[in-house]
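Here is the structure we will look at.
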Amino acid sequence: MITPLIIKRFGKLAVFIACCAPLLWLILKIFAVGPLQLGPNPIENIQDTLGIWGLRMLCATLALTPLTWVTGPSLIRFRRMLGLFAFTYCGLHFLNYLILDQTFDFAAIIEDILKRPFITIGFLGLLTMTPLAITSTNNWRRKLGRHWKHLHRLVYLTVILACWHFYWQVKKDLMEPLIYCLIIAVLLGLRIWRIYRHK
């Protein structure tokens with residue numbers, strides 16, 4: 001049985017290992033360890049893997065608050081770690097596009113951001129994540145005071161932009177992005193329902 005004491009002692013290590021696992025798996029694929037391969041389009045495979053795990057980490061971060069309503073406050077300690085991993089995966093997703101896909105062709109990158117809507121939305125999502133990652137420390141929380149919570153509500157906009165980016169990026173099978181849209185709608189809807197209930 002998983003008790004609050006076990007969560008307190010080993011929870012962060014377990015969450016850290018779980019969050020690192022997709023990146024490790026991807027690295028093994030990049031170096032073709034054993035039967036693991038990236039497939040015929042390795043850059044796109046890396047791009048998609050990093051992006052989808054960034055979105056999953058965002059969903060996990062949002063899911064913690066509703067879970068604490070049921071389990072108590074012990075899970076909230078993992079929110080910052082999950083949020084930072086979400087930023088890491090999304091940042092690597094962008095760096096893969098910047099370095100491997102576009103090879104630092106900034107003219108082409110700017111043209112993409114301005115002319116391809118799904119890239120515009122994705123870039124905006126990364127921009128909204130950046131101040132959240134920078135101000136995630138306890139020191140910043142003390143400096144910002146009550147404004148810290150207001151700033152970190154940007155996560156709701158971030159997750160909507162990330163899902164929107166994924167939806168527009170998919171060309172054929174929309175089932176997967178629609179599933180994430182549903183998950184995010186439920187997670188945000190639960191918050192709205194709780195506010196309405198309290199009022």
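Only one of these is of a type in the set (S, T, N, Q) and touching a Leu at 6+ places or on another chain (Cβ under 8 Å): Thr65, Thr61. Name it.
Result of the check over Thr65, Thr61: Thr61.
Taking the criterion of being of a type outside the set (Asp, Glu), farther than 25 Å from His152 by Cβ and surrounded by 13 or more Cβ atoms within 10 Å (Cβ to Cβ), would at least one residue in segment 6-23 satisfy it?
no
Find the helices (runs of 4 or more DSSP H) located wholly in segment 1-104 whose residues include 3 or more that are of a type in the set (Val, Ile, Thr) and at pLDDT 90 or above, and list them. Break it down stepwise before answering.
Values: elements: 4-30, 42-71, 79-95.
Filter on segment 1-104 gives 4-30, 42-71.
Which one of Thr65, Thr61, Thr49 is more than 21 Å from Phe166 (Cα to Cα) and either under 16 Å from the mean Cα position of the chain (by Cα) or surrounded by 12 or more Cβ atoms within 10 Å (Cβ to Cβ) (or both)?
Going through Thr65, Thr61, Thr49 in turn, the sole match is Thr65.
This table checks each residue for (1) at negative phi; (2) touching a residue at least 12 places away in the same chain (Cβ under 8 Å); (3) out of contact with any Leu (no Cβ under 9 Å at 6 or more places or on another chain).
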{"site": "Leu95", "(1), (2), (3)": "yes, no, no"}
{"site": "Ala107", "(1), (2), (3)": "yes, no, yes"}
{"site": "Arg116", "(1), (2), (3)": "yes, no, yes"}
{"site": "Thr130", "(1), (2), (3)": "yes, yes, yes"}
{"site": "Lys143", "(1), (2), (3)": "yes, no, yes"}
{"site": "Thr158", "(1), (2), (3)": "yes, yes, no"}
{"site": "Ala162", "(1), (2), (3)": "yes, yes, no"}
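Would segment 80-88 turn up any residue that is among the basic types (Lys, Arg) and within 27 Å of Ile160 (Cβ to Cβ)?
If we filter segment 80-88 for residues that are among the basic types (Lys, Arg), which is where we start, we get 80.
Imposing the further condition that a residue be within 27 Å of Ile160 (Cβ to Cβ) reduces the set to 80.
Looking for residues that are among the basic types (Lys, Arg) and within 27 Å of Ile160 (Cβ to Cβ), one finds at least one in segment 80-88, hence yes.
Any residue in segment 42-61 that's within 17 Å of Leu182 (Cβ to Cβ): show its pairings with residues that are polar (S, T, N, Q) and assigned to a helix (DSSP H, G or I) at Cβ separation under 7 Å, as long as the two are six or more apart or on different chains.
Once the first residue is within 17 Å of Leu182 (Cβ to Cβ) and sits in segment 42-61, its partners that are polar (S, T, N, Q) and assigned to a helix (DSSP H, G or I) give Leu58/Thr158.
Restricting the search to segment 105-122, which residues are modelled with pLDDT of 90 or more and surrounded by 17 or more Cβ atoms within 10 Å (Cβ to Cβ)?
Passing the criteria: Ile119, Ile121, Gly122.
Within the group Ile109, Ile113, Ile119, which residue is assigned to a helix (DSSP H, G or I) and under 20 Å from Thr49 (Cα atoms)?
None of the others qualify; the one that does is Ile119.
The values are calculated or read from the model by the stated rules, or taken from the named source; none is laboratory data. Because the structure is predicted, anything quoted here is derived from the model rather than measured. We place every Cβ from the backbone using ideal geometry, glycine too, and count neighbours over all the protein chains shown.
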